Amino acid sequence: MSLQQAVILAGGQGTRLRERLGDRPKPLIDVAGVPLLERQISLLKRYGYQHILILVNYKAEQIRQFCQNHNNWGLHIECIDDGEPSGTAGAVLNILDKLHTDFLVVYGDTMLEVDLARFAATHAAHPQSAGTIFLHPNDHPHDSDLVELDSNNFVTAFHPYPHPADTYLPNLVNAALYILRREALNPWRTKQPQGVFDFGKHLFPKMVAARQKLYGYNSFEYIKDCGTPARLDKITFDFQSGKIERMSLKHKQPTIFIDRDGTLNHEVGHLNNPDKLELFEGVAEAIRKLNQANYRTCLITNQPVIARGECTLAELKNIHNKLETLLGQKGAFLDRIYFCPHHPDKGFAGEVAALKINCQCRKPAIGMIQQAKQELNANLPNSWLIGDTTTDLETAHRAGIRSILVQTGHAGRDGKYQRPPTFTAPTFPQAVNFILNNTPPTPK
Ligand SMILES: [Zn+2]
């Protein structure tokens, strides 16, 4: 299935951008010489979208005129003024009759460079879902609305900011890009309250409460809103410096694969409780540097405690939520957290029989790295694995990536494999400094 129809929500006033906008409406804000709306339409056109509905409100006539002046870029474009502002979901529910069975929703104030074909293919692969929403980790999860997924990536909860101090939440934020099924929205037309009705704050939580399935699509690709002068300047800088282009999935991504216990946090034997997770000094700051240098960051950890019944999946999730919370407090994030829950040897009391297998993901097998190659388009020859055991070194070798052995945790003295590291470093932060000082993130 390829999608043909997109809805652009272009009714915003852009009050905070007034000085930059002059008398223009927000979707026509200039980003490095081209109005944002035109950049969005070019992206849609590149991915084969033929029908675009632009939901206008504030200064509608200027937007209509702008499209006419460009002969609608050769597409079927219709500007619809729906009168009273009714929120993002309200605006879409009001025009449901005009929509295809599946359609894309784009917010008119976002700069984005997303592989829309891949996004649509993921949506199509989950026909039981009411929609697919684009999510990403950000560098300030503590003051963001966060989304929680189950192990199949369906949304289980929305957690609006502010968050309770005593809970750990995953770092996943609604990036404001959706593919929705018309049929799934239909029942909400009559249940829509008067006034503003938004997707993120109102409709999606109601859909989850009504047991409708929303698939969470987690990607590092670039989506940012330009709501304030500072954000607009950041987007312009990211565009001009080539960052937005480099974050496209069509480019292979240099990736730092990171072991967990003994590398990021103190090795404490069987870590089965978030209270026992304690990061080494400087770890969050180091991951933040990798984020800013545009490396992908990917945790890969063996967690045989799951197979042995010493830690439940819920407990492990909570541990990783704490990890993401601690990183997020310092402006750092991981693009992916992969874990192997398996263990090959049977015979432990309380073990989970189904997980006692010889799998493809338990390091030194390279299943988790192959998954990153697929999901993140990881560029293995330009990637690194940082870990504290010879198992990590053997994993890196088998995957064809360079390794750095840190002198924390096991410090390579576990004796399992005779595999030297490419380099050694005293600690994780020093390993990161070594990488950043000696190798450019995107070697040509
Ligand atoms: Zn496994």
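The values are calculated or read from the model by the stated rules, or taken from the named source; none is laboratory data. Just so we're clear, the structure is a prediction, and the values are computed from it rather than from any experiment. All Cβ positions, glycine included, derive from the backbone under ideal geometry; neighbour counts span all protein chains shown. The area values use the complete protein model at the heavy-atom level, side chains included, leaving out ligands, DNA and RNA. Shrake-Rupley method; radii C 1.70, N 1.55, O 1.52, S 1.80 Å.
Bridgeable lysines around residue 224 (alpha carbons under 24 Å apart, same-chain partners fewer than 8 residues away excluded): 26, 45, 59, 201, 234, 243, 250, 252, 289, 330. Counted over the chain, the DSSP beta bridges are approximately 35% antiparallel.
Sparse packing (at most 16 other Cβ atoms within 10 Å of the Cβ) combined with a DSSP loop state is found for the following chymotrypsin sites (Phe, Trp or Tyr not before Pro) in segment 301-401: 348.
3J(HN,Hα) along segment 187-196: x, 7, 4, 7, 9, 5, x, 5, x, 6 Hz, from the Karplus curve 6.51 cos²θ - 1.76 cosθ + 1.60 with θ = phi - 60°, whole Hz, x for Gly and Pro. Of the trypsin sites (Lys or Arg not before Pro) found in segment 326-362, those that fall in a DSSP loop while having at most 10 other beta-carbon atoms within 10 Å are 346. Taking the square roots of five times each eigenvalue of the Cα gyration tensor of segment 377-421, the equivalent ellipsoid has semi-axes of 19, 11, 6 Å, listed largest first. Using C-alpha pairs below 8 Å separated by at least 6 residues, the relative contact order for segment 198-273 is 19 percent. Mean silhouette area of the chain, derived from the convex hull of its C-alpha atoms and averaged over all directions, reads 22.3 nm². Taking Cβ separations below 4.7 Å as the criterion for a possible disulfide partner, the isolated cysteines in the chain are 67, 79, 226, 298, 311, 359. For segment 252-438, the orientation-averaged shadow of the C-alpha convex hull comes to 9.8 nm² (one quarter of the hull surface). Expressed as a fraction of 2.2 N^0.38 Å, the C-alpha radius of gyration for segment 5-240 is 0.98. Expressed to the nearest 5 percent, the antiparallel share of DSSP beta bridges inside segment 15-95 is 25 percent.
Here is the list for segment 214-320: trypsin sites (Lys or Arg not before Pro) lying in DSSP coil, each with at most 13 other C-beta atoms within 10 angstrom of its C-beta, are 250.
For segment 252-438, the relative contact order works out to 25 percent when only alpha carbon pairs closer than 8 Å and six or more residues apart are counted. Candidates 134, 379, 316 compared by Cα position along the dipole of the chain: farthest toward the positive end lies 379, with charges placed on Cβ. Surface composition of the chain: carbon plus sulfur atoms contribute 50% of the solvent-accessible area (1.4 Å probe, protein chains only, all chains present). Accessible surface calculations at 1.4 Å, restricted to protein heavy atoms, place segment 5-240 at 43 Å² per residue.
In percent, rounded to a whole number, the relative contact order of the chain is 14, using alpha-carbon pairs under 8 Å and six or more apart. For the chain, a simple Cβ point-charge model (Lys and Arg +1, Asp and Glu -1, everything else neutral) yields a dipole of about 860 debye relative to the Cα centre.
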